Amino acid sequence: MTSADSNLPAGLVIPDVLPASALDADTEAFDVVVVGFGIAGGCAALEAARAGARVLLLERAAVHGGTSSMSGGHFYLGGGTAVQQATGHEDSVEAMVDYLMASTKDPDEEKIRAYCEGSVAHFDWLEDLGFEFERSYFPGKAVIQPGTEGLMFTGNEKVWPYREKVAPAPRGHKVPVPGDTEGTRIVMDLLREHVEKEGVEVRYETGATNLVVDGDPDTGRVVGLAWKSFDRTGLVRAGSVVVAAGGFVMNADMVARYTPALGSKLFTLGSTYDDGLGIRLGESVGAALEHMDEPFITAPFYPPSSRCKGIIVNRDGERFVAEDSYHARTSYHVMKQPDAVAYLIVDSEHLGEDHMPLVPLKDGFETIEEMEAGLGMPAGALVRTVTRYNENAARGEDPDFHKHPDWLAPQTAGPWAVLDLSLGVALYAGFTIGGMATTVDGQVRRTDGSVVPGLYAAGACASNIAQDGNGYCSGTQLGEGSFFGRRAGRHAAG
Ligand SMILES: Cc1cc2nc3c(=O)[nH]c(=O)nc-3n(C[C@H](O)[C@H](O)[C@H](O)COP(=O)(O)OP(=O)(O)OC[C@H]3O[C@@H](n4cnc5c(N)ncnc54)[C@H](O)[C@@H]3O)c2cc1C
């Protein structure tokens, strides 16, 4: 599927591979060329330069940051970070490994172990860039803590069955910027300062377009790349290339092919250049792709936290998920319901005053019987579900979905509100998770498991720890992008 296959939709075209003969004695040369200045590429370039390599960093946009700069600023870190210690939360490498092994769809133990064993040092490395995660803890349920608290639960650690397997610890570390978006910009600005200080040559408005391979494209070594800047094009010779060019949520053709769930009923989260070109560059030299069909999709229905005490049912009036799950896990299960229809039912005592605008109020009802009829559910189904939930909740139990006792409360104080969690009504947003298969050091793998010599991938164009919405913990993308980006940079430099 190269540009020669003219019938392909434009977004699926795989760039041609150029032969090494395209490079000549005058072609400029670097030890490491990094493609993309988001969190993964910035970390890769910095570590490669600190390891002594001559590094070129290409960024297609006019400014550094990519999607990373838009993001809220959760980094999933643990094993006893300074914030965990200061706020009295016990954690260990083993607990973090066990949790990620248990909650990941197809866990790669080598990567998970490396990530957890290196997590405290990585936390310190991030702070050494020049900022400090606040030594404070946010105890509520929120998408992101509203203030600058440094730590909160951002996964399913306290959700059944994980809490029974591993002692829960909060690992969502947030940069000290209030609000839901653009917190990571401070990290990206610091990365830019450090990258420049270490002598990395950064070229903006310059996008990689093709890889150059010495030998057969399916077996040869990546030895350089072609680039384009407005109407200028050029070539660069590279000891190694690190592709850190982001995900593919903005490429409608790739979304249709791999993750149709991220289709028209959703709001896509990403920057312009999340168009999957990095992944297609990898494919041009035989990169295997992993978890491409797994999106991160969410429409959080809290805050206020009290809404987690309500119940979520499908159009048949049946519960299907523990309502205290991380919001992407809840959303993952909504998507699997008939027609992706779901309702959150909360009584007057637990509705709370704040309103989460992403999940609209459908209606209020004086009785559950009226609600059942009003929602067109099978006769008796919702009444049965609510009665059973309330009876069990009164005893602090949830034998059906094992919701944590902290979030159990009978929903008996009418009138009752129905918030519409259905796809197409609630404002679901999402981004892609899958990408190139890589080793623990970021080397790109082919389908037979062998590595593509000279090619590395990191961040949202690579597949590492985050694998699906069911197990996703907020902070994994920035956490693994920075962590494995650093490893890729060091390995590429060596
Ligand atoms: C609103 C929002 C909030 C989020 N919050 C969080 C959070 O709190 N925690 C978390 O872990 N994750 C979060 N995410 C996800 C996370 O931001 C991304 O997964 C992560 O930033 C990806 O980093 P990256 O370095 O791989 O890609 P990016 O940051 O997108 O960087 C890739 C760069 O490559 C450039 N590029 C693309 N193609 C080329 C090319 N051919 N040549 C040169 N350059 C190229 C792009 O312009 C871009 O600058 C959030 C996402 C969004 C949208």
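A few comments on the model shown:
- Candidates in region 16-44 are the residues that are under 26 Å from the mean Cα position of the chain (by Cα) and assigned to a loop (DSSP other than H, G, I, E, B); of these, the one that is nearest to Ala245 (Cα to Cα) is Gly36.
- Among residues of region 129-152 that are within 13 Å of the ligand (Cβ to nearest atom), those with a Cβ under 6 angstrom from a residue that is at pLDDT below 95 and assigned to a loop (DSSP other than H, G, I, E, B), sequence gap 6+ or separate chain, pair up as Ala142/Pro303; Val143/Pro300; Ile144/Gly72; Ile144/Asp180; Met152/Gln145.
- Residue-level check: of (1) farther than 27 Å from Glu117 by Cβ; (2) of a type in the set (Phe, Trp, Tyr); (3) outside any strand (DSSP E or B), Phe431 misses just (3).
- Count of region 25-52 residues, restricted to those that are under 21 Å from Gly207 (Cα atoms) and either away from the ligand (no atom under 13 Å from the Cβ) or free of Cβ contacts under 8 Å to residues at least 12 places away in the same chain (or both), is 9.
- Of all residues making up region 462-480, the number that are open to solvent by 10 Å² or more (accessible area, probe 1.4 Å) and near the ligand (Cβ under 10 Å from one of its atoms): 4
- Taking the listed residues Leu262, Leu281, Leu269, the one that is open to solvent by less than 10 Å² (accessible area, probe 1.4 Å) and at pLDDT below 95 is Leu262, with no other qualifying.
- Number of the condition not met by Leu455 [criteria: (1) in a loop (DSSP other than H, G, I, E, B); (2) away from the ligand (no atom under 11 Å from the Cβ)]: (1)
- Filtered residue count, region 171-192, keeping only those that are of a type in the set (Gly, Ala, Ser) and either within 27 Å of Tyr99 (Cα to Cα) or touching a Cys at 6+ places or on another chain (Cβ under 6 Å) (or both): 2
- Enumeration of residues in region 293-324 that are among the hydroxyl-bearing types (Ser, Thr, Tyr) and either away from the ligand (no atom under 16 Å from the Cβ) or more than 24 Å from Phe267 (Cβ to Cβ) (or both): Tyr302, Ser305, Ser306
- Scanning region 237-292 for residues that are closer than 17 Å to Glu480 by Cβ and away from the ligand (no atom under 13 Å from the Cβ) yields Leu289, Glu290, His291, Met292.
- Counting the residues of region 349-367 that are among the aliphatic types (A, V, I, L, M) and part of a helix (DSSP H, G or I) gives 1.
- Residue count, region 349-372 (criterion: without any contact (Cβ under 8 Å) to a residue 24 or more places away in the chain and out of contact with any helix residue (DSSP H, G or I) (no Cβ under 9 Å at 6 or more places or on another chain)): 2
- Contact map, region 56-71: residues that are more than 14 Å from Gln477 (Cα to Cα) paired with residues that are within 6 Å of the ligand (Cβ to nearest atom) and not in a loop (DSSP other than H, G, I, E, B), Cβ distance under 7 Å, separation 6+ or inter-chain. Pairs shown: Leu57/Gly41; Leu58/Val35; Leu58/Gly207; Leu58/Ala208; Arg60/Gly207.
- Criterion (open to solvent by 30 Å² or more (accessible area, probe 1.4 Å), out of contact with any Gly (no Cβ under 6 Å at 6 or more places or on another chain) and away from the ligand (no atom under 11 Å from the Cβ)) met by exactly one of Pro176, Pro170: Pro176
- Residue check for Glu366: more than 29 Å from the chain's Cα centre (by Cα), on the phi < 0 side of the Ramachandran plot, buried (at least 22 other Cβ atoms within 10 Å of the Cβ) and at pLDDT 95 or above: no
- Gly459 meets the stated requirement of being within 25 Å of Glu127 (Cα to Cα) and crowded, with 22+ Cβ neighbours inside 10 Å.
- Of all residues in region 63-96, those being open to solvent by 10 Å² or more (accessible area, probe 1.4 Å), part of a loop (DSSP other than H, G, I, E, B), more than 19 Å from Pro146 (Cα to Cα) and away from the ligand (no atom under 15 Å from the Cβ) number 7.
- Among the numbered conditions (1) within 22 Å of Lys158 (Cα to Cα); (2) assigned by TED's automatic domain parsing to the domain that holds Gly434, the only one that Ala86 does not meet is (2).
The values are calculated or read from the model by the stated rules, or taken from the named source; none is laboratory data. Worth saying up front: this structure is predicted, and the values here are computed from it rather than measured. Glycine gets a Cβ as well: all are built from the backbone with ideal geometry, and neighbour counts include every protein chain shown. Only protein heavy atoms, including side chains, enter the accessible area calculation; ligands, DNA and RNA are left aside. Shrake-Rupley method; radii C 1.70, N 1.55, O 1.52, S 1.80 Å.
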